[in-house]
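Student: Starting off with a structure, shown below.
The values are calculated or read from the model by the stated rules, or taken from the named source; none is laboratory data. Keep in mind it's a predicted model, so treat the numbers as computed, not measured. Glycine also receives a Cβ, built like all others from the backbone with ideal geometry; neighbour counts cover every protein chain displayed. Calculation scope for accessible area: heavy atoms of the full protein, side chains included, ligands and nucleic acids excluded. Shrake-Rupley method; radii C 1.70, N 1.55, O 1.52, S 1.80 Å.
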Amino acid sequence: MSASAGERPVRADALGVLRWMEQRQFRGVDPFDALSSPLAAPLRPLRWPAVAWVQIHRRLPLDLRPLIGVRPHTNPKALSLTVQGLLDLGAPEDPALRTRAEDLVRRLVDLADPGGGWGYPFPWANRHFRAAAGMPSSVVTAFVGHALLDARQAGVAPESVDESVLAGAGFLATHLGRVPCGDGFLFSYTPADSRGVHNASLLAASFLARAGRLEGADPDWTAAARAAAVATRDAQRPDGSWPYGTSRRDDFVDSFHTGYVLEALRRLDQLGVLDSSDAVDAGLAYWRATFLTGSGVAHRPGVPHPVDLHAVAQAILTCLQFEDRWPGGPDTASELAAWAVEHARGPDGAFDYLWRPGRSNKVRYLRWVQAWMFRALSALAGRLNAG
């Protein structure tokens, strides 16, 4: 890897990504949005043709979305990551950053589903189910909910956001399925499926546990969060890894979803919901040994390329989150950030989607890459400034 990002203007790198997103008013394309094309309308009711259409456009090194009628959109998850990055950069004390964060908080509240929760602004499909545009999901709702709670705690969001937070938590608790798993259960990904996915379930659980501390919260939310945490903690494999989900098709392991699991278990431990220290230690050791290899971050075990910049961003955050267990984590985060800036950032200040030696997929995905890299670089800049 390259020289430490502590020697680089990390804050300036983060603000460069922010400017790129602001120039586009936080509207962009996504790896999974191809079904919003008018040409895809006949495919949307058909599972496998819909999945194939999405995957073709996700993998292409050229962005054909303008030609097939896919328009840039505003993604609540991207806005939530940006809010958290602004907080890390000092939004509570910096008037210019504070104004930006307050505006994004208002937009997040306005984007909530009338029934509670948040979803992706495009129809999408995978091997298990199809979701309509805007359908609230466990993942998007958890990311937005955590961002609103973080902003509220920092004094950047008004007390009134609690209403949206409680409605989002209520959606998770009442509309998601509960998939039996061990001595607990996994929250489903959306109300439309019964798929057990560990990272999605834990994200929902961690948000429910935080929201459960608010006035007006349902006292059962914490118990439900604990049951979901028990299910994932106990599903850990002997090598320290977790499968993506419970089905045979989901029996794989990857880097950034493992990072989600580790951070959510840690948060639930800190909230007093469930002690998962041993599982987190084993999982962190597995993650470090398996994915922090070679250049960038491996996406799958033993597969160093292509490097997904989403995975790099999540790795930076995971390295910073576990400094107490891994004193070298911030140094590794700095190295990863410097590598990403050197190898995968363009002259426009934005980052490539995938990097391979000698060639990259340079499609500019706002939610999948830019918002994540802004969040990661901002967290690192905050850590370096605090140090």
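Student: Leaving ligands and nucleic acids out of the surface, order Asp94, Asp251 by accessible area at 1.4 Å, largest first.
Tutor: Largest to smallest exposure gives the sequence Asp251, Asp94.
Student: Could you work out the relative contact order of the chain, using alpha carbon pairs under 8 angstrom and six or more residues apart, expressed as a whole percent?
Tutor: Dividing the mean separation by the residue count of the chain yields 20 percent.
Student: Could you please report the charge total around Gly90, scoring K, R as +1 and D, E as -1 over all other residues with beta-carbon less than 12 angstrom from its beta-carbon?
Tutor: Around Gly90, the charge tally is 0.
Student: Share of the range 253-315's accessible area from carbon and sulfur, percent, 1.4 Å?
Tutor: 49 percent
Student: Take the chain, connect every pair of alpha-carbon atoms lying under 10 Å apart with a spring to form a Gaussian network, then pick out the residue of Gly349, Gly155, Gly196 with the largest mean-square fluctuation.
Tutor: Highest fluctuation among the options: Gly155.
Student: I've got another one for you. At Thr174 and Ser160, where each label point lies 7 Å from the Cα along Cα→Cβ, what is the point-to-point distance in nanometres?
Tutor: 2.3 nm
Student: Okay, next question. Once you charge only the Cβ atoms, +1 for Lys and Arg and -1 for Asp and Glu, what is the size of the charge dipole of the chain about its Cα centre, to the nearest 20 debye?
Tutor: I would put it at about 1440 debye.
Student: Separate question: Mind grabbing the accessible area of Thr74 for me, 1.4 Å probe, Å², rounded to tens?
Tutor: 30 Å²
Student: Once each part is reduced to its C-alpha centroid, what is the distance from the range 320-377 to the range 111-183 in angstrom?
Tutor: 26 Å
Student: Taking Rh as the Kirkwood radius computed over C-alpha pairs, what is the Stokes-Einstein D of the chain at 25 °C in a medium of viscosity 0.890 mPa s, expressed in µm² per second?
Tutor: 117 µm²/s
Student: Would you kindly calculate the mean projected area, averaged across all directions, of the convex hull enclosing the Cα atoms of the range 208-270, in square nanometres?
Tutor: The directionally averaged projection comes out at 4.9 nm².
Student: Based on a Kirkwood Rh over C-alpha pairs, give the Stokes-Einstein translational diffusion coefficient of the range 272-344 at 4 °C and viscosity 1.567 mPa s in µm²/s.
Tutor: Roughly 101 µm²/s, to the nearest whole number.
Student: Could you check the spin-label model distance between Asp281 and Asp220? Points 7 Å from the Cα along Cα→Cβ, value in nm.
Tutor: Result for the modelled spin labels: 3.7 nm.
Student: Ranked highest first by average number of other Cβ atoms within 10 Å, how do 339-346, 18-25 line up?
Tutor: 339-346, 18-25
Student: Looking only at the range 130-164, which residues have a backbone nitrogen under 15 Å from a spot 7 Å from the Cα of Leu46 in the C-beta direction?
Tutor: No residue qualifies, since no backbone N sits under 15 Å from the label point.
Student: Keeping all protein chains in the complex and leaving out DNA, RNA and ligands, what accessible area do you get for Glu163 with a 1.4 Å probe, in Å² to the nearest 10?
Tutor: The accessible area of Glu163 comes to roughly 140 Å².
Student: A further question follows. With a bin width of 5 angstrom, please list the P(r) values of the range 135-247 as percents of all Cα-Cα pairs, from the 0 bin to the one holding the largest distance.
Tutor: The calculated distribution, bin by bin, is 2, 14, 24, 23, 17, 11, 6, 3, 1, 0.
Student: Once the Cα gyration tensor of the range 76-116 is diagonalised, what are the square roots of 5 times its eigenvalues, in whole Å and ordered largest first, as equivalent ellipsoid semi-axes?
Tutor: Rounded to whole Å, the semi-axes are 21, 10, 6.
Student: Taking the Cβ-Cβ separation of Asp183 and Gln25 as r and a Förster radius of 56 Å, what is the calculated FRET efficiency to the nearest 0.05?
Tutor: It comes out at approximately 0.75.
Student: OK, next. Give me the net charge for the shell around Ala132: Cβ to Cβ below 15 angstrom, other residues only, Lys and Arg +1, Asp and Glu -1.
Tutor: Result for the local shell: 0.
Student: Determine the relative contact order of the range 264-306: mean sequence separation of Cα pairs under 8 Å and six or more apart, normalised by residue count, in whole percent.
Tutor: After rounding, I find 21 percent.
Student: I would also like to ask the following. Points 7 angstrom from Cα along the Cβ direction at Gln55 and Ser247: gap in nanometres?
Tutor: In this crude label model, Gln55 to Ser247 measures out at 1.3 nm.
Student: Enter the accessible area per residue of the chain (Å², integer; probe 1.4 Å; all protein chains in place).
Tutor: 39 Å²
Student: Given all pairs of different Cα atoms, what value in angstroms does the Kirkwood hydrodynamic radius of the range 189-309 take?
Tutor: The answer is 15.0 Å.
Student: Kindly provide log₁₀ I(q)/I(0) values, in the same order as q = 0.11, 0.15, 0.25 Å⁻¹, from the Debye equation applied to equal alpha-carbon scatterers of the range 1-84.
Tutor: The Debye formula, applied to the Cα set alone, gives -0.45, -0.71, -1.17.
Student: Give me D for the range 102-164 in µm² s⁻¹, whole number, from Stokes-Einstein with Rh from the Kirkwood sum over alpha-carbon pairs, 10 °C and 1.306 mPa s.
Tutor: 128 µm²/s
Student: Given the protein chains as shown and a 1.4 Å probe, how many square angstrom of Arg210 are accessible, to the nearest 10?
Tutor: Result for Arg210: roughly 30 Å² accessible.
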